[in-house]
1. Starting from region 47-67, keep only residues that are within 17 Å of residue 29 (Cα to Cα), then list their pairs with residues that are charged (D, E, K, R) and surrounded by 11 or more Cβ atoms within 10 Å (Cβ to Cβ) whose Cβ atoms are within a distance under 8 Å, requiring at least 6 positions of separation or different chains.
Amino acid sequence: MAHVREERRIGAGGDGVTNSFHHGDAVDCYRDALLLQLRGRVTGVRRILEETEDHLRESVEAGVAEA
(Lines give C-alpha, C1' and ligand atoms only; values in the text may rest on other atoms or scores of the structure.)
Protein backbone atom coordinates (compact mmCIF):
# COMPACT_ATOMS: atom_id res chain seq x y z
CA MET A 1 0.00 0.00 0.00
CA ALA A 2 2.90 2.37 0.60
CA HIS A 3 3.67 2.23 -3.12
CA VAL A 4 0.08 3.23 -3.96
CA ARG A 5 0.20 6.12 -1.48
CA GLU A 6 3.54 7.27 -2.91
CA GLU A 7 2.20 7.22 -6.48
CA ARG A 8 -0.81 9.24 -5.38
CA ARG A 9 1.37 11.76 -3.53
CA ILE A 10 3.61 12.27 -6.54
CA GLY A 11 0.75 12.37 -9.02
CA ALA A 12 -1.14 14.90 -6.93
CA GLY A 13 1.58 17.47 -7.30
CA GLY A 14 3.07 17.24 -3.84
CA ASP A 15 0.91 16.77 -0.81
CA GLY A 16 -1.36 13.95 -2.01
CA VAL A 17 -4.57 15.46 -0.62
CA THR A 18 -5.12 19.15 -1.20
CA ASN A 19 -3.88 19.35 -4.77
CA SER A 20 -5.56 16.10 -5.82
CA PHE A 21 -8.99 17.71 -5.47
CA HIS A 22 -7.93 20.33 -7.99
CA HIS A 23 -6.86 17.68 -10.49
CA GLY A 24 -9.77 15.27 -10.18
CA ASP A 25 -11.46 13.07 -7.68
CA ALA A 26 -8.97 11.79 -5.10
CA VAL A 27 -11.00 8.64 -4.47
CA ASP A 28 -10.97 7.75 -8.17
CA CYS A 29 -7.22 8.40 -8.38
CA TYR A 30 -6.58 6.18 -5.36
CA ARG A 31 -8.86 3.44 -6.71
CA ASP A 32 -7.11 3.52 -10.09
CA ALA A 33 -3.69 3.25 -8.47
CA LEU A 34 -4.91 0.40 -6.28
CA LEU A 35 -6.27 -1.43 -9.33
CA LEU A 36 -2.79 -1.45 -10.86
CA GLN A 37 -1.42 -3.15 -7.73
CA LEU A 38 -4.10 -5.79 -7.13
CA ARG A 39 -3.70 -9.34 -8.39
CA GLY A 40 -6.17 -12.18 -8.42
CA ARG A 41 -9.46 -13.22 -9.90
CA VAL A 42 -11.46 -10.47 -11.55
CA THR A 43 -14.43 -10.95 -9.22
CA GLY A 44 -12.21 -10.64 -6.15
CA VAL A 45 -10.42 -7.56 -7.44
CA ARG A 46 -13.74 -5.94 -8.35
CA ARG A 47 -15.13 -6.67 -4.86
CA ILE A 48 -12.06 -5.16 -3.18
CA LEU A 49 -12.28 -2.03 -5.35
CA GLU A 50 -16.01 -1.59 -4.67
CA GLU A 51 -15.59 -2.02 -0.92
CA THR A 52 -12.58 0.30 -0.83
CA GLU A 53 -14.43 2.96 -2.80
CA ASP A 54 -17.46 2.71 -0.50
CA HIS A 55 -15.31 3.14 2.61
CA LEU A 56 -13.33 6.03 1.12
CA ARG A 57 -16.43 7.91 -0.05
CA GLU A 58 -18.10 7.41 3.36
CA SER A 59 -14.97 8.80 5.03
CA VAL A 60 -14.89 11.80 2.71
CA GLU A 61 -18.58 12.51 3.36
CA ALA A 62 -18.06 12.22 7.10
CA GLY A 63 -15.10 14.60 6.93
CA VAL A 64 -17.05 17.12 4.88
CA ALA A 65 -19.98 16.92 7.29
CA GLU A 66 -17.66 17.62 10.22
CA ALA A 67 -16.10 20.63 8.51
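1. 49/31; 52/31; 53/31; 56/31
To keep it simple, each residue is scored yes or no on (1) out of contact with any helix residue (DSSP H, G or I) (no Cβ under 8 Å at 6 or more places or on another chain); (2) modelled with pLDDT of 95 or more; (3) exposed (fewer than 15 other Cβ atoms within 10 Å of the Cβ); (4) not in a helix (DSSP H, G or I).
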{"position": "3", "(1), (2), (3), (4)": "no, no, yes, no"}
{"position": "21", "(1), (2), (3), (4)": "yes, no, yes, no"}
{"position": "24", "(1), (2), (3), (4)": "yes, no, yes, yes"}
{"position": "27", "(1), (2), (3), (4)": "no, no, no, no"}
{"position": "43", "(1), (2), (3), (4)": "yes, yes, yes, no"}
{"position": "54", "(1), (2), (3), (4)": "yes, no, yes, no"}
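The values are calculated or read from the model by the stated rules, or taken from the named source; none is laboratory data. Since this is a predicted model, take the numbers as computed values, not measurements. Glycine also receives a Cβ, built like all others from the backbone with ideal geometry; neighbour counts cover every protein chain displayed.
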